[in-house]
Each structure stands twice: as structure tokens, then as C-alpha cells.
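Undergrad: Attaching a single structure in C-alpha cells format; questions to follow.
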Amino acid sequence: MSDTLEVIKTRYACRDFDGSPIPDETLREICYAGLCAPSAMNRQPWRIILVKDKAKVDALDAQGMAKLAATNPTAHKRMMDRGGTLFYNASALVVVAKELDAPIAAELDCGIVTANLVLAAKALAVDSVVHGFAAVVLEGEESAELKQQLGFPEGFDFAIAVLLGYASGEAKAPHTPDLEKFIEVG
Ligand SMILES: Cc1cc2nc3c(=O)[nH]c(=O)nc-3n(C[C@H](O)[C@H](O)[C@H](O)COP(=O)(O)O)c2cc1C
């Protein structure tokens, strides 16, 4: 699939991946698309961290589920009901880190990076889900060592993550766009 509008209209949040590997070249292409995102004053207040080793993704998943079980039983139950994993058996994880000292719009800029990532993935036939809940393992004092291992530079913090993989089974329908949320003025 390569038509941009078709890609935008058919992307959906995949929550059941088959775990099969994504070629390195494809992963790099997706991340490169993230780096192409526009940003306020072209400051590019981000880092894009690709975790391409599935064993590492699975280890982070296990760490997150254990943390949820200990700290947030409601969320833990929700994830157990959704299949018992935090990362849905994804093959790769992309972490978008934001620059804390950016004068404006770092969060917004990282959001645009994220849109580029998921749309580039779709264009390359890779399924994805934006994943704020990855914060369970990547936010807070206790994740400092992990962030260092993942290469977070000083002054950067977790913004959002994107899980990548190939859907297990049929593609799902994306959400129905709500036309009530569109205001057209003559
Ligand atoms: C900022 C943000 C954070 C999200 N965090 C999660 C998450 O932690 N776990 C998850 O399963 N989906 C997450 N999603 C996916 C949304 O639930 C999903 O995009 C939404 O339900 C619309 O469905 P669609 O993407 O299939 O159109 C997140 C999406 C966004 C934009």
C-alpha cells in the first residue's frame, strides 16, 4: 500500500501481533519517517529510540506487567483481560523521548513524530499501536537506569511509544471518524 490517503484511512490500533520479525531496513525506514516530522522552529526536540530485539521488548513487557501487578491492580486486570501482555507480542518498540528544556511544543512535536511513525509503518505493511502506557516502565525515578541503557540523553524524558509488528489474523477496522468534530466555515 502506498497511497497516502489510503494509508491514513486504514491505519488502526493493533493489539494482537504475531511476533514475527520486521526487517531492519523496514524499521529504519519507519524511524527515518519519524525524523522527517515538522517541529516548532525546526528544533526537533526529540530522540527516536528503536528497540528492535524482541527478547528485549518481551523483557520490558514482563517488567511492566510485574510493576502493574504490584502498583495498579485495575490496570493489571485490564491488561490481563486484553491477553495478558503490556506490549501485545509486538516485534519492536519505538520510544519517542522529548527534550525537557524545549521552549515550546515539545509534546506536540513528538506527537507529530508519532503520526509519521505509524503512517510510515502502515505504508510499509507493518501494523502498529501508539502506546502511552509504556510509561509504566519508562517514566519516573525508578526507570532512570533503564533509560540510560536505552540511550536516553540527559534532559530527555519519555513522551510516547509505538509498538510495531504484524497483526495476528485479520486487520481490524479503524475508528469511525466523527464528522460532528469537523467545523466548516464558509
Ligand atoms: C497518545 C496515545 C496514547 C495511546 N496509548 C495507548 C495504550 O497505552 N495502549 C493501547 O492499547 N492503545 C493506546 N492508544 C491507541 C488508542 O487507544 C487508539 O488509537 C484509539 O482507540 C483509536 O483507535 P484506532 O487507532 O484504531 O483508530 C493510544 C493512542 C494515543 C494517540
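Undergrad: Answer yes or no: is there a residue in the range 175-182 that is at pLDDT 95 or above and closer than 28 Å to Arg43 by Cα.
TA: The answer is no, given that none of the residues of the range 175-182 is at pLDDT 95 or above and closer than 28 Å to Arg43 by Cα.
Undergrad: Using beta carbons and a limit of 8 Å, which pairs, at least six apart or on different chains, have the first residue in the range 124-138 and under 18 Å from Thr74 (Cα atoms) and in contact (Cβ under 8 Å) with a residue 60 or more places away in the chain and the second one basic (Lys, Arg) and more than 7 Å from the ligand (Cβ to nearest atom)?
TA: That search, which allows pairs on different chains as well, returns Val136/Lys67; Val137/Lys67.
Undergrad: Quick one: how many residues across the range 152-165 are within 16 Å of the ligand (Cβ to nearest atom) and either assigned to a helix (DSSP H, G or I) or surrounded by fewer than 19 Cβ atoms within 10 Å (Cβ to Cβ) (or both)?
TA: Within the range 152-165, residues that are within 16 Å of the ligand (Cβ to nearest atom) and either assigned to a helix (DSSP H, G or I) or surrounded by fewer than 19 Cβ atoms within 10 Å (Cβ to Cβ) (or both) number 1.
Undergrad: Across the range 166-175, which residue is farthest from Glu6 (Cα to Cα) among those that are more than 9 Å from the ligand (Cβ to nearest atom) and surrounded by fewer than 13 Cβ atoms within 10 Å (Cβ to Cβ)?
TA: For the range 166-175, the residue satisfying everything is Gly169.
Undergrad: Right, something else. Of the conditions (1) charged (D, E, K, R); (2) more than 15 Å from the ligand (Cβ to nearest atom); (3) in a strand (DSSP E or B), Glu184 satisfies every one except a single condition; which number is it?
TA: Only one criterion is unmet by Glu184, namely (3).
Undergrad: Please specify each residue of the range 17-43 satisfying the condition of being part of a loop (DSSP other than H, G, I, E, B) and surrounded by 18 or more Cβ atoms within 10 Å (Cβ to Cβ).
TA: Passing the criteria: Ile22, Ala37, Ser39.
Undergrad: While we're here: Which of (1) out of contact with any Gly (no Cβ under 9 Å at 6 or more places or on another chain); (2) surrounded by fewer than 19 Cβ atoms within 10 Å (Cβ to Cβ) is the odd one out, the single condition Ala106 does not satisfy?
TA: With (1) out of contact with any Gly (no Cβ under 9 Å at 6 or more places or on another chain); (2) surrounded by fewer than 19 Cβ atoms within 10 Å (Cβ to Cβ) applied to Ala106, the lone miss is (2).
Undergrad: Now for a separate question. Would you confirm whether any residue within the range 127-136 is more than 10 Å from the ligand (Cβ to nearest atom) and over 12 Å from the mean Cα position of the chain (by Cα)?
TA: Checking the range 127-136: not a single residue is more than 10 Å from the ligand (Cβ to nearest atom) and over 12 Å from the mean Cα position of the chain (by Cα).
Undergrad: Give just the number: which of (1) surrounded by fewer than 17 Cβ atoms within 10 Å (Cβ to Cβ); (2) within 15 Å of the ligand (Cβ to nearest atom) does Gln149 not satisfy?
TA: (2)
Undergrad: With respect to the numbered conditions (1) away from the ligand (no atom under 14 Å from the Cβ); (2) hydrophobic (A, V, I, L, M, F, W, C); (3) over 17 Å from the mean Cα position of the chain (by Cα), which one is the sole condition not fulfilled by Cys31?
TA: (3)
Undergrad: For the range 81-118, name all the residues that are away from the ligand (no atom under 11 Å from the Cβ), touching a helix residue (DSSP H, G or I) at 6+ places or on another chain (Cβ under 7 Å) and modelled with pLDDT of 95 or more.
TA: Ser91, Ala92, Leu93, Val94, Val95, Lys98, Glu99, Ala105, Asp109, Val113, Asn116, Leu117
The values are calculated or read from the model by the stated rules, or taken from the named source; none is laboratory data. In this text the structure is predicted, and so the values were computed from the model without any measurement. Quick reminder, even Gly has a Cβ in these numbers, built from the backbone with ideal geometry, and neighbours come from all protein chains shown.
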